[in-house]
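**Q** Structure below; questions to follow.
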């Protein structure tokens with residue numbers, strides 16, 4: 001079994017993830033396909049993920065791919081909303097719908113909606129939408145509904161009856177525009193795959209986008225049971241094992257193994273300021289490759305959500321945050337060296353300007369409260385209460 005240094009693997013994965021300078025792309029669709037998808041729980045995350053991976057990325061470039069339906073929003077792996085290529089929608093839906101639909105049904109009932117109320121409301125929503133798209137507020141207004149429509153609409157999306165389109169509120173808005181799936185995605189057959197077939201497709205795609213990895217990683221990312229994953233890997237073929245020094249055995253495709261042989265360590269600084277829930281951070285359960293154990297609670301909260309990170313050559317070295325009021329500022333917290341390199345400061349100014357479209361200040365924070373001691377959602381503002 002071939003052994004590789006962690007730094008070699010990190011360099012390889014930075015290239016796969018389009019996070020190294022020489023692998024940045026000009027195609028939103030290609031980047032999204034190569035990294036499987038963009039986390040979209042928070043509206044701004046996909047834009048910031050692409051900002052790190054593309055040459056001169058513009059927000060309207062992602063909007064255009066969504067409007068032209070080459071990319072689609074769907075709740076899938078880890079019961080999380082993603083933006084994925086249209087050709088992957090059927091497999092993602094069939095692979096994950098069972099657990100997602102059960103949770104979604106429980107949620108609308110927990111919110112006080114009865115089955116009969118759901119049936120009546122969903123029928124009215126479908127009749128109202130027709131060929132048009134509306135957000136939840138518009139639907140509620142048109143139907144003059146007293147009932148809580150949000151869990152109903154979410155359940156309809158998870159059933160594949162509705163689909164989320166681009167927000168009318170801009171790139172930072174989580175207010176989706178909803179369409180009838182049968183009108184919006186005319187060439188998509190959500191029944192194309194059985195669950196077993198779909199899960200095989202998803203595991204294969206994940207291995208291609210994120211390998212080398214472990215069975216624990218696959219189960220974490222997909223939400224599939226480990227026993228099923230082992231069977232899928234056996235059926236796929238074309239996989240090998242590599243040893244990452246100090247970490248043990250990892251699974252890799254033969255194609256990647258051939259490419260990995262030519263990858264050397266990268267001794268040059270390569271800085272990325274990644275958003276919360278970025279695919280590179282959220283792609284793995286086994287995190288020692290890119291994060292020292294003593295800092296786990298600074299990056300991941302108790303539910304496993306990852307915050308905004310400063311990454312150098314594939315390893316997390318700090319945390320960043322953006323505040324717009326009273327004046328725009330990017331805050332920086334470094335795990336070890338408090339004297340930040342000019343490259344980090346420049347990157348902070350660039351991403352700050354991308355966010356607010358004006359020049360920003362950069363401030364160094366002396367401390368940070370670990371996320372496991374913060375309230376739910378604290379990972380979105382990790383340096384809110386930090387001192388400068």
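Read the figures in this text as sums done on the coordinates, not as results from a lab. Every value quoted in this text rests on a predicted model; they were computed, and no experiment measured them. Cβ atoms come from the backbone with ideal geometry, glycine included; neighbour counts cover every protein chain shown.
**Q** Angle check, please: helix 89-110 long axis (alpha carbons) against the longest principal axis of the chain (alpha carbons), in degrees 0 to 90, nearest 10.
**A** 70
**Q** Another question, then. Along Cα→Cβ, 7 Å out, is where each label goes; now give me the distance between the ones at residue 247 and residue 189 in nm to one decimal.
**A** 4.0
**Q** Using only the alpha carbons of the chain, what is the convex hull's orientation-averaged projected area in square nanometres?
**A** Numbers: hull surface 79.0 nm².
Here the figure is 19.7 nm², rounded to one decimal.
**Q** For the chain, calculate the relative contact order in percent as a whole number, restricting contacts to Cα pairs under 8 Å that are 6 or more residues apart. Before the final figure, lay out each step's value.
**A** Details: 669 pairs, mean separation 65.1, N = 388.
It comes to 17 percent, rounded to a whole number.
**Q** Another question, if that's okay. If you line up the long axis of helix 6-16 against the longest principal axis of the chain, both from Cα atoms, how many degrees apart are they, to the nearest 10?
**A** 40
**Q** Then there's this: Applying a 10 Å radius around every beta-carbon, put 328-340, 132-144 in order of their mean neighbour count, most first. Intermediate results must be reported in sequence, preceding the final value.
**A** Values: 328-340: 17.3, 132-144: 15.4.
The densest-packed peptide leads the list: 328-340, 132-144.
**Q** In addition: Taking the Cα centre of each part, how many Å lie between region 79-135 and region 194-263?
**A** Cα centroid of region 79-135 versus Cα centroid of region 194-263: 30 Å apart.
**Q** How much length would be gained if the chain were fully extended between residue 231 and residue 64, taking 0.36 nm per residue of separation minus their Cα-Cα distance, in nm to one decimal?
**A** The span from residue 231 to residue 64 would gain 56.2 nm if fully extended.
**Q** What order, most packed first, do the peptides 210-219, 111-120 have when packing is the mean number of other Cβ atoms within 10 Å of each residue? The partial results should precede the final answer.
**A** Details: 210-219: 20.8, 111-120: 13.0.
The packing order, highest mean first, is 210-219, 111-120.
**Q** Run the helix sum for the chain: -39,500 (n - 2.57) per DSSP H stretch of 4+ residues, divided by residue count, reported at 222 nm to the nearest 500 deg cm²/dmol. Spell out each step's value before the answer.
**A** Working: 16 runs with 159 residues, N = 388.
It lands at -12000 deg cm²/dmol.
**Q** Rounded, prolate or oblate, given the Cα gyration tensor of region 291-380, with a/c below 1.5 counting as rounded? Write out the running numbers ahead of the final one.
**A** Numbers: a/c = 1.96, a/b = 1.36, b/c = 1.44.
Verdict is oblate for region 291-380.
**Q** Oh, and also: Just subtract the alpha-carbon distance of residue 148 and residue 123 from 0.36 nm times their residue separation and send over the number in nm, one decimal. Display every interim value, and only then the final one.
**A** Working: separation 25, 0.36 × 25 = 9.00 nm, distance 1.50 nm.
So the chain would gain 7.5 nm between residue 148 and residue 123.
**Q** Further question on the same structure: What is the helix-to-structure angle for 115-129, meaning the angle in degrees between its Cα long axis and the longest Cα principal axis of the chain, kept from 0 to 90 and rounded to the nearest 10?
**A** 90
**Q** Please sort 12-20, 163-171 by packing, taking for each peptide the average over its residues of neighbouring beta carbons within 10 angstrom, highest first. Walk me through the numbers before you get to the answer.
**A** Working: 12-20: 22.2, 163-171: 17.6.
Top to bottom by mean Cβ count within 10 Å: 12-20, 163-171.
**Q** Given the options 236, 159, 291, state which has the largest fluctuation in a GNM of the chain using a 10 Å cut-off (strictly under) for Cα springs.
**A** Sorting by GNM fluctuation, first place goes to 236.
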